[in-house]
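Participant: Right, I'll just put the structure down here and ask away after.
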Protein chains: 2
Amino acid sequence: MTTPTMLSLIESKRDGGTHDAPQLRFLANGAADGSLPDYQLAAWLMAVVCRGMTEAETADLTVAMAESGSVLDLSALPGPVVDKHSTGGVGDKTSLVVAPLAAATGLTVAKMSGRGLGHTGGTLDKLESIPGLSVDLSVADFRRQAAEIGLVIAGQTDDLAPADRVLYALRDVTGTVPSLPLIAASIMSKKIAAGAAAIVLDVKYGAGAFMPTRDAARALAETMVALGERADRRVVAVLSAMDEPLGRAVGNALEVAEAVACVRGEGPSDLTELCVKIAGWMHVAAGKAQDPDAVRPALQAAITDGSALEKLRAMVVAQGGDGAVVDDPAAVLPHAPHIAPLPAPHDGRLARLDARAVGDAAVALGAGRRHKGERVDAAVGVVLAAKVGDAITRGEPLAWLHARSADAAEAAGRIVLAGVALTAE
Amino acid sequence: MTTPTMLSLIESKRDGGTHDAPQLRFLANGAADGSLPDYQLAAWLMAVVCRGMTEAETADLTVAMAESGSVLDLSALPGPVVDKHSTGGVGDKTSLVVAPLAAATGLTVAKMSGRGLGHTGGTLDKLESIPGLSVDLSVADFRRQAAEIGLVIAGQTDDLAPADRVLYALRDVTGTVPSLPLIAASIMSKKIAAGAAAIVLDVKYGAGAFMPTRDAARALAETMVALGERADRRVVAVLSAMDEPLGRAVGNALEVAEAVACVRGEGPSDLTELCVKIAGWMHVAAGKAQDPDAVRPALQAAITDGSALEKLRAMVVAQGGDGAVVDDPAAVLPHAPHIAPLPAPHDGRLARLDARAVGDAAVALGAGRRHKGERVDAAVGVVLAAKVGDAITRGEPLAWLHARSADAAEAAGRIVLAGVALTAE
C-alpha cells in the first residue's frame, strides 16, 4: 500500500471520490499530531461540505478520530455505564438533572462534557459555578469516582479524540460547520473514545439549536445511531424542540440552581419532563428496561425520596465542591449585583420567545463566550418570568436580567426583546 | 457599508452565493497583506472550485488582485506595448523567439515572466542559463530598457499582484488549481498589473498542458479575453496543441540554443510556425495590422536580415548577459557531462511522444523543480531526435538525454519511453 498524501485526498474528495479507512486514519492522525498543515485540512473540510461523505466514510472517520488519542475502557466498572449527550441548546441543564437521576436508579454515569461556545452553554461552565468544584480530573480519578459513587462529570482529557479537537476548531473559523457527516463524526468520535457502552443522544432542533428543523435533527440522529452501532455501542437518540429556552434559567449558576430544584422535584415542567424521558431512555440503552415509561415510577421515587439529590451531592463533594449547594443553592452560588426586570411592552400572549435571542443576551451579559478560551461570568444570566403561551400585562416582567451593571442589563434586555412576539388575544 | 468578514464570505460562497467588488477587494488585500489566515483562504478557494464564480465575480477578483500591488503604467513608452503569455507547455521557448521578432518589427515588448513549476518550464529559468544574464530588474530599469531597445523580459517584481502570489502558492498545495475562474483571474491579474495595453495569450491544450482539451482551452481563452477587455486591454488568444513537446529541445540552455536557431531561421518548423503566428497576432492586438498573415513577410524579413537576432543580442547584453550566445550558443551555454542516446526499442512509426512524459523526464534530470524555490540545472534536458510521424529503426536514437550522470540519463530515458508509442507501419 502506498502512503496517501493529503493533496491526493483533497483532490479525490474535490472530485467526488471516496476515502477508505487507512486514508481517513492517515488524515485523523495527521490532524492530531500537527503534521498536516491547517490550510490543507481546511480545503479538505470544505470539499467534504460540498461533496459529502458516504456512511462508510463517516464511520471510518469517526473511528479514526476516536482512535487518534486514547480510548477509555470502562468495562470494568460496576453496572452498565451510560453516557448522555446533548447537541446543545439554550438553558439546557439536563445533564445536571439526568445524571444523578440515572445514577440513583442503578446506572453508572461516567460522562465527559464540553464548554459553551456561542449562544449555547456548556455543562462544565455550569458545574464550575459551584465554589470549589473541579472538572479537571485525571483518568484514574474519573474511573475511581465512577466506581465509588456511580456518577462523574468531567472535562475531556487532552488525549480524547485529539483529531476532532483540531478539526472542530478549524471548522469553526472556516465555514465548514454545517455538514451532517462532520457533525455526526465529531460528536460520536468523542463519545466512543469516552468509553461508555451505552449512549443516549438528545438531538435538539429549532430556533435555539444547531439543527433548524425536526427533519434535519432526525437525519443527524439516524447517522449518529448508525455510527455508534458500527462501533459496538448501544445508542438511542431522542429528538427535542429548542424554540424557547429549556426551563426558565439561562446562565451558569442560575442553571445550577434550577437543576437542583428539578432534582428536588421543584423544577419547571418542561425541563422535568425531558429529564425523566432521557433518564428512562438511558435505562433502555443500558439494557435495563424495554420501555422508558416503565422506569418512570423509579425515577419519580428517586426524586421524591431524595436519593437523586444525594447522588448529586456526592458528585459535587467528590469533585471538591460545596455539597450544601444541593440544600440551598442561593446561599452557595455567586450572585449578580444587578437584577433588573424586563417589562412587557404591551398586553398580550407570549407567542414567541426565541431561544437564540435569549442565548445571545446571556452571552452579552458575560455568561458565555464568543471565542474559545474566553472566561465566563458564573453569576450573570437571564431568568424567564413567562414562557410561550402565557398571558402577560404591559409592564409585568417578561424576564429578570442578572447583570454586572444596569447598562449591561438594559443592553441584554434589548437583545431578548428582539426575540419576543406578544400577540393580542 | 459594513466591513465584510472572511468567515461570511466563505459561508456565502459555500452556499452558492456571489461576492461583490468590495468584498473581493477585501479578500485580495487581506491575502496580499497577510491579514487573512491561509486556512480561511484555503476553505474559500475550495468553495470557489466547488461552486464556481460568475463572470462579474471573476472580473472583480482579477482587478482586485491586480490592484493589490502596484500597477505599471507603460503608456509613456514609444510604440505600442505588447505582452505575450503562454499557459505553459513542454519545450515552450516561444517567448524567446516571439519577443525579438515583435521588437524587430516595430512593437515594444515589455514582459514579466515566471519560473517553471512541475513538468512545464519557465522563461526566466531559460534566460538565466545565459552566463551573466539577470532577470531581476528594478521597475526603473525595466522601463528604461523597454524605451531604449524595445525589448525586456524580467521577473515579476514583488509588488506585482501580491494577492495572486499568495493565492497561487496556496492553490498549489490545497488541490484548488483546476478552476477556470481562478486560473483566468490569476493569469490576467498579473498581465493587467504588468501594464501592457495589448496582450496575446497562447492557450495550450493536450497531454502536456494544464487544459486537457481544445474545448477547455477555448473556454479559458474566452474568459481571459473578456477579463482583459473589462480592464481596457486589447486581448487576443491563440489556441495551440501541446501533445508532443514544441520543437525538439526541453531543458533550459538547450531551449535557449533552439530559440537562437529559430531567430536565425534555422529552427524546427512547428516552433517557427507558432512563433510567426503569435508575433503576427501581437501586431493585430497592438492595432498595427488587421490580419496576422499580413505581417508574415515583415517577420520573415526580420529573421532573414538578422534584425531579430540583433534585438535578442541587445536584450541579452542590456541584462548583463554574454551577447555572443546569439552567434554561437554552444560556445557560451553550459553543457551536461553525459549525453546519451535513447534507442528506439523496435522498428516503427512514432505515433505518440507524450509531452508530459518528456517534461517529467527533464524535471527528473534536474531541469525543472518539483517544489517552489528549488534550484534548476541549466545544462540538462532532453533533445528529441524524432517527432510524431517519423519512421524509426530499432536502435536509432529517439532522443538524446543531457544528464549529470549515466544513471540519471538511464532513469530519465525510462520516463520518456513510458510516453512513447511506436506503431508497426
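The values are calculated or read from the model by the stated rules, or taken from the named source; none is laboratory data. Remember, it's a predicted structure, so these values are computed and weren't measured experimentally. Please note: Cβ atoms are built from the backbone with ideal geometry, for glycine as well, and neighbour counts cover all protein chains shown. Note: accessible area is taken over every heavy atom of the protein model, side chains too, but ligands, DNA and RNA are not part of it. Shrake-Rupley method; radii C 1.70, N 1.55, O 1.52, S 1.80 Å.
Participant: Being farther than 18 Å from B:I183 by Cβ and touching a residue at least 40 places away in the same chain (Cβ under 8 Å) is the filter here; which residues of segment B:20-32 pass it?
Facilitator: Scanning segment B:20-32 gives B:D20, B:A21, B:R25, B:N29, B:A32.
Participant: Looking at segment B:126-140, can you tell me whether even one residue there is at pLDDT below 95 and within 17 Å of the chain's Cα centre (by Cα)?
Facilitator: no
Participant: Give segment B:356-368 a look and list any residue that's closer than 14 Å to B:N252 by Cα and open to solvent by less than 40 Å² (accessible area, probe 1.4 Å), or say none.
Facilitator: Residues satisfying the conditions are B:V358, B:G359, B:A361, B:A362, B:V363, B:L365, B:G366, B:A367, B:G368.
Participant: For residues that are modelled with pLDDT under 95, closer than 22 Å to B:S138 by Cα and not small (G, A, S), tally how many sit in segment B:103-120.
Facilitator: Number satisfying all stated conditions: 3.
Participant: Look through segment A:151-166, keep the residues that are open to solvent by 10 Å² or more (accessible area, probe 1.4 Å) and more than 17 Å from the chain's Cα centre (by Cα), and return whichever of them is farthest from A:P78 (Cα to Cα).
Facilitator: A:V166
Participant: Can you confirm whether segment B:369-383 contains a residue that is open to solvent by 40 Å² or more (accessible area, probe 1.4 Å), touching a residue at least 12 places away in the same chain (Cβ under 8 Å), outside the structural domain of B:G267 (by TED's automatic domain parsing) and over 27 Å from B:T123 (Cα atoms)?
Facilitator: No - not one qualifying residue is present in segment B:369-383.
Participant: State whether the residues of segment A:307-316 include one that is within 30 Å of A:R143 (Cβ to Cβ), at pLDDT 95 or above and among the hydroxyl-bearing types (S, T, Y).
Facilitator: yes
Participant: Also, I was wondering about something else. A:G114 passes all but one of (1) open to solvent by less than 20 Å² (accessible area, probe 1.4 Å); (2) in the same structural domain as A:A308 (by TED's automatic domain parsing); which number fails?
Facilitator: Here A:G114 meets the rest and fails (1).
Participant: Right, here's the next one. For segment A:138-180, name all the residues that are farther than 30 Å from A:Y39 by Cβ and in contact with a helix residue (DSSP H, G or I) (Cβ under 7 Å, 6 or more places away or on another chain).
Facilitator: A:Q145, A:I149, A:G150, A:L151, A:V152, A:I153, A:A154
Participant: Of all residues in segment A:210-236, which are out of contact with any Gly (no Cβ under 9 Å at 6 or more places or on another chain), assigned to a loop (DSSP other than H, G, I, E, B) and not acidic (D, E)?
Facilitator: Within segment A:210-236, A:A231, A:R233 meet the criteria.
Participant: Now for a different question. Tell me which residues, restricted to segment A:168-210, are charged (D, E, K, R) and within 14 Å of another protein chain (Cβ to nearest Cβ).
Facilitator: A:R171, A:D172, listed by residue number.
Participant: Could you go through segment B:160-171 and let me know if any residue there is more than 30 Å from A:T5 (Cβ to Cβ) and of a type outside the set (D, E, K, R).
Facilitator: Scanning segment B:160-171, I find at least one residue that is more than 30 Å from A:T5 (Cβ to Cβ) and of a type outside the set (D, E, K, R), so the answer is yes.
Residues are listed down the side, and each one gets a yes or a no for (1) within 14 Å of chain B (Cβ to nearest Cβ); (2) open to solvent by less than 10 Å² (accessible area, probe 1.4 Å):
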position	(1), (2)
A:L45	yes, yes
A:R51	yes, no
A:S75	no, no
A:K93	no, yes
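Participant: Looking at segment B:95-111, which of the residues that are out of contact with any strand residue (DSSP E or B) (no Cβ under 9 Å at 6 or more places or on another chain) and among the β-branched types (V, I, T) is most open to solvent (accessible area, probe 1.4 Å)?
Facilitator: B:T105
Participant: Looking only at segment A:388-405, how many residues end up being in a strand (DSSP E or B) and open to solvent by 50 Å² or more (accessible area, probe 1.4 Å)?
Facilitator: Adding up the residues that qualify gives 2.
Participant: Here is a follow-up. For segment B:18-28: of the residues being surrounded by fewer than 18 Cβ atoms within 10 Å (Cβ to Cβ) and in contact with a helix residue (DSSP H, G or I) (Cβ under 8 Å, 6 or more places away or on another chain), which is nearest to the other protein chains (Cβ to nearest Cβ)?
Facilitator: So the residue we want is B:T18.
Participant: Filter segment A:198-227 for residues that are within 30 Å of A:L77 (Cα to Cα) and surrounded by fewer than 19 Cβ atoms within 10 Å (Cβ to Cβ) and give the result.
Facilitator: Scanning segment A:198-227 gives A:E222, A:A226.
Participant: Which count do you get for residues in segment A:56-73 that are surrounded by fewer than 24 Cβ atoms within 10 Å (Cβ to Cβ), within 30 Å of A:A289 (Cβ to Cβ) and at pLDDT 95 or above?
Facilitator: 1
Participant: Let me ask something else. For the condition open to solvent by 10 Å² or more (accessible area, probe 1.4 Å) and either in contact (Cβ under 8 Å) with a residue 40 or more places away in the chain or charged (D, E, K, R) (or both), what is the one hit in B:S8, B:S86, B:S35?
Facilitator: B:S86
Participant: Between a first residue in segment B:324-336 that is over 11 Å from B:V260 (Cα atoms) and a second residue that is among the acidic types (D, E) and in a loop (DSSP other than H, G, I, E, B), which pairs have beta carbons less than 6 Å apart while being 6 or more apart in sequence or on different chains?
Facilitator: Pairs found: B:V332/B:D322.
Participant: Turning to a different aspect of this structure: For segment B:391-412, which positions are over 25 Å from the mean Cα position of the chain (by Cα) and closer than 20 Å to B:D347 by Cβ?
Facilitator: Selection gives B:A391, B:I392, B:T393, B:R394, B:G395, B:E396, B:P397, B:L398.
Participant: Okay, moving on. So for segment A:79-87 (the condition being in contact with a Lys or Arg (Cβ under 9 Å, 6 or more places away or on another chain), within 14 Å of another protein chain (Cβ to nearest Cβ) and not aliphatic (A, V, I, L, M)), does at least one residue qualify?
Facilitator: no
Participant: Consider A:R14 carefully, then state whether it is open to solvent by 50 Å² or more (accessible area, probe 1.4 Å), of a type in the set (K, R), modelled with pLDDT of 95 or more and farther than 14 Å from A:A163 by Cα.
Facilitator: no
Participant: Tell me, which helices (runs of 4 or more DSSP H) lie completely within segment B:237-336 with 3 or more residues that are buried (at least 19 other Cβ atoms within 10 Å of the Cβ)?
Facilitator: In segment B:237-336, the matching helices (runs of 4 or more DSSP H) lie at B:252-263, B:269-285, B:292-304, B:307-318.
Participant: Just one of the numbered conditions (1) at pLDDT 95 or above; (2) out of contact with any helix residue (DSSP H, G or I) (no Cβ under 6 Å at 6 or more places or on another chain); (3) over 23 Å from B:V326 (Cβ atoms) is not true of B:D232; which one?
Facilitator: That leaves (1) as the condition not met.
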